[in-house]
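The values are calculated or read from the model by the stated rules, or taken from the named source; none is laboratory data. Since the structure is predicted, the reported quantities are computational estimates derived from the model, not experimental observations. Cβ coordinates were reconstructed from backbone atoms using ideal geometry, including for glycine residues, and neighbour counts include every protein chain displayed.
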Amino acid sequence: MRYSYIVHELQHRSHRTLINILGIAVGVGLFVSINAVSAGYQKAVSLPFENLGADLVVQRAEKNRQLGQGTLSMRGIKLPFSNQVISAEEFDALRRVDGVAAASGTLLLWEFVSGEFRTLMGFDAAQPDLGPVHLTQWISQGHAPQQAGEALVEKHFAKFRGIHLGDSLDIGGKPFAIVGMLEIREGAQVAASNIYLRLADAQSLLPEAQAPINVVYLRLRDPAMQGAVQQKVLAAFPGLLASSSDSFLELMGGVSVITGKFSVVVSLVALVGAILLILKSMLASLGERLPEIGVLKAVGWTGKDVQGQLLGEAMVQCLLGGLIGIGLGYLGAYCIGTLSIPMNTAWELNPVPASAKIGELANQAIRLPIQLSWVLVMTALVCSIVIGLIATFLLGKVATKMRPADILSKL
């Protein structure tokens, strides 16, 4: 293989070289962008649960209550339709389900006051990094409630209602001091609430129940057991609902399903198209170089020498095309990631009633978390190299069978 000759040939046929490089770049770019977007959708649907450190959310819905049914005309503290009380015995049994590593119980409440609706979440600080207590890492001002009578409010809720640190807020007829504010991250609407209290304080607002909880967050020993544990919970506890990231994937549907199931097929089709384009271009180039190959063989070049030369030229084009394609793929995926996609909440995970005109907690738009993993980058480079090897192998077969006399006799 003569490297100076490789450079000379690529420069001499710059137009065809550019076509080959761009063809590979387009194929690799589509491969990278499609897989990056697919991974982004998968990451997006898992965000609500990652933000809670949980794999499953367990609830009990009110019987015969569906989304949009009925009109709310009530006052005071109420249990949400989708979050009825889970008994202490059921909570203990959930913790002992095979595959569960940790469990945390919380209390979600609705409060209806004159001209206002707000959601309250009582969390258990004894379970760090599991459930809404995980959200205290997003506190922008102040601190989390540490003693009775303290509350944490969501930043936008506080701004809209003119609430400041140190203010006293009446909740369920009791005064609570505002000691902190936090900003909910994208995709965390499973635990989105206006006001966060210590679990004991939230339970005191519902005196008719004995130490109630109505949302249980489960962390599994192995996330791969999610489906199996979900089925165990549903079978062992009739009336309970166990939701996972699949709940969001089903709601997102459309593109998420397509990218999840067909991203590999579509990206491989793009690569095959690139291979065919390169083969067509290189075969045309080989036809143009027949006199040159005939002369090279006449002066002593073997079929192996010719094949090595073609290999060098193809590999340079494929490596350049692969690197450019990775850049184009990332740029395309990044542009898609700047667009917001709707992240609708399943009705059983919805923190607000359908009739409440507070859609920002229930339906949020998030940006796809686009990232290029080293595995994807290396796979794209390997694919581009494979394209070069395939093209070289096929062209080498043609070139090695050519005899100088046959080639030169046709000139």
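Residue-wise test of (1) of a type in the set (A, V, I, L, M); (2) within 21 Å of the chain's Cα centre (by Cα); (3) modelled with pLDDT under 85.
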| site | (1), (2), (3) |
| --- | --- |
| Gly239 | no, no, no |
| Leu251 | yes, yes, yes |
| Ile275 | yes, no, yes |
| Glu292 | no, no, yes |
| Leu296 | yes, no, yes |
| Lys304 | no, no, yes |
| Leu311 | yes, no, yes |
| Gly327 | no, yes, no |
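Among (1) under 30 Å from the mean Cα position of the chain (by Cα); (2) farther than 16 Å from Phe176 by Cα; (3) of a type outside the set (Val, Ile, Thr), where does Met121 come up short?
(2)
Which ones in segment 91-123 are farther than 26 Å from Ala235 by Cβ and surrounded by fewer than 18 Cβ atoms within 10 Å (Cβ to Cβ)?
Once the filter is applied, which keeps residues that are farther than 26 Å from Ala235 by Cβ and surrounded by fewer than 18 Cβ atoms within 10 Å (Cβ to Cβ), segment 91-123 yields Phe112, Val113, Ser114, Gly115, Glu116, Phe117.
For Leu268, which of the numbered conditions (1) assigned to a helix (DSSP H, G or I); (2) modelled with pLDDT of 85 or more; (3) over 23 Å from Asp55 (Cα atoms) fails to hold?
It is condition (2) that Leu268 fails.
Go through segment 200-232 and give me each residue that's closer than 18 Å to Glu62 by Cα and over 24 Å from the mean Cα position of the chain (by Cα).
Looking only at segment 200-232, we keep the residues that are closer than 18 Å to Glu62 by Cα, and these are 206, 208-209, 212-216.
Once the filter is applied, which keeps residues that are closer than 18 Å to Glu62 by Cα and over 24 Å from the mean Cα position of the chain (by Cα), segment 200-232 yields Leu206, Glu208, Ala209, Pro212, Ile213, Asn214, Val215.
Being of a type outside the set (Lys, Arg) and either free of Cβ contacts under 8 Å to residues at least 24 places away in the same chain or exposed (fewer than 15 other Cβ atoms within 10 Å of the Cβ) (or both): is that true of Val153 here?
Working: of a type outside the set (Lys, Arg): yes; either free of Cβ contacts under 8 Å to residues at least 24 places away in the same chain or exposed (fewer than 15 other Cβ atoms within 10 Å of the Cβ) (or both): no.
The answer is no for Val153.
Filter segment 160-201 for residues that are more than 21 Å from Ala125 (Cα to Cα) and either modelled with pLDDT under 90 or among the small types (Gly, Ala, Ser) (or both) and give the result.
Phe160, Arg161, Gly162, Gly166, Ser168, Gly172, Gly173, Glu186, Gly187
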